[in-house]
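Every read-out reported here was derived from the displayed coordinates using simple, explicitly stated rules and does not represent laboratory data. This one's a predicted model, so the numbers in the text were calculated from it and none came from an experiment. Every residue, glycine among them, receives a Cβ derived from its backbone with ideal geometry; neighbour counts consider all protein chains shown.
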Amino acid sequence: MTRTIPDMNTVALAVTDGTLHFELSLAHEVFTAAPDGVTVPWYDVTVCGPVAVQVGRFRLEPDLGLDRLRHADTVIVPGRADIDEDPPADLVDAVRAAHEAGARVASLCTGAFVLAAAGLLDGKRATTHWAHTEALAARHPRVEVDPDVLYVDNGSVLTSAGKAAALDLCLHLVRLDHGASIANAVARRLVVPPHRAGGQAQFVTTPVPAQDDHPLAALFPWIIERLDQPLTVEDLARRARMSSRHLGRHFKAATGTTPLRWLLTQRIRHAQELLEKTDDSIDTIAASTGMGTATTLRRHFNRTVGVPPDTYRRTFRSRPR
């Protein structure tokens, strides 16, 4: 059974004793409150677990039992406090059953150990908090553990790194379901950057330094205002008044990637918003984003987002705006 993205309306948060309250609260905040002005149907969120669970220092009474996970479109497994203990068998069984029933399953932080125990990560790339990637790889050798990414999207199975990376993955899910504009609105409501370096090929995203005194603080908005222009590394270095090599070092430290890769990501992001909000032709959007030709835009867009621009537009323009 496979569910299509437009049907992804119900979200179940899986909790048991030892669930980390930060990741649970973060996911609950993202999926329960639609940003102002959004008219599309939002998520119906339930907390599923035993009769009462200990979440950090708090006692929590879930809405429904773990057996109800299999009825959800998306199942979120927050992190667990003790990774040295095997995750509860009833949780593992319920998550496996939900995936077999067609649910999209995502783990936050050390919740990846639950997905791995359920066999959902076998033969797949996955991540977790950097402090526990070695343990995950040692305990589950069939999992390809990547310690250098914020999240990994395998389609129906997703994993995130630790703490704040859980927010990156939650915003990624909103972006998949509702498009870049609405995901950006959620990020603005939460007062966080909408895009950070996720590492996953389908949605590679990069941050912008928040400090006003950062050496590149003035450069980033300057670039964003000129995405329609054929910028080079030399152009950026000249604007920043530093050598190309020095610019590259600052870019790597601030965004985790190179200037040209970051620039390409911003062009793709701008193309997504234009595809969602305008009726501009692919040629016009290619020019507006500095891609030059429709062929170039289609090649980079397909490689980065995973679908051609026309398909992306049909998906997100067909929803109620």
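Observations, loosely collected:
- The residues ASP283, ASP177, when put in order of fewest to most other Cβ atoms within 10 Å, stand as ASP283, ASP177.
- Annotation: extensible slack from VAL307 through ASP36 equals 94.7 nm (criterion: 0.36 nm per residue apart, minus Cα-Cα distance).
- Computed label-point distance, nm, for sites ARG299 and ARG226 using a 7 Å Cα→Cβ extension: 2.4 nm
- Taking each DSSP H run with n ≥ 4 as -39500 (n - 2.57) and averaging over every residue of the chain yields -12500 deg cm²/dmol at 222 nm.
- Choice from ALA72, ALA103, ALA137 with maximal GNM fluctuation in the chain (Cα, 10 Å cutoff): ALA137
- A simple spin-label model places the labels of ASP279 and THR46 4.2 nm from each other, with each point 7 Å out along Cα-to-Cβ.
- Farthest toward positive dipole pole in region 206-321 [+1 Lys/Arg, -1 Asp/Glu at C-beta], among ALA237, VAL307, THR284: VAL307
- Added length on full extension, which subtracts the Cα-Cα distance from 0.36 nm per residue, ALA97 to ASP122: 7.4 nm
- If the chain linking ARG241 and ASP148 were pulled fully straight, counting 0.36 nm for each residue of separation and taking away their Cα-Cα distance, it would gain 30.4 nm.
- Sites excluded, GluC sites (Glu not before Pro) in DSSP loops with at most 13 other C-beta within 10 Å, longest stretch of the chain: 86-224
- Gaussian network model of the chain, Cα within-10 Å springs - most flexible of LEU247, LEU115, LEU219: LEU219
- In units of the rule-of-thumb radius 2.2 N^0.38 Å, the chain shows an alpha carbon radius of gyration of 1.03.
- Rounded to the nearest 20 debye, dipole of region 206-321 from Cβ charges on Lys, Arg, Asp, Glu: 380 debye
- Rounded to 0.05, the FRET efficiency of the GLU134 and ARG261 pair, given R0 = 30 Å and the Cβ-Cβ distance, is 0.65.
- Lysines with Cα under 30 Å of LYS124, excluding same-chain neighbours fewer than 8 positions away: LYS163, LYS252
- Within the chain, DSSP assigns beta bridges of which about 30% are antiparallel (rounded to the nearest 5).
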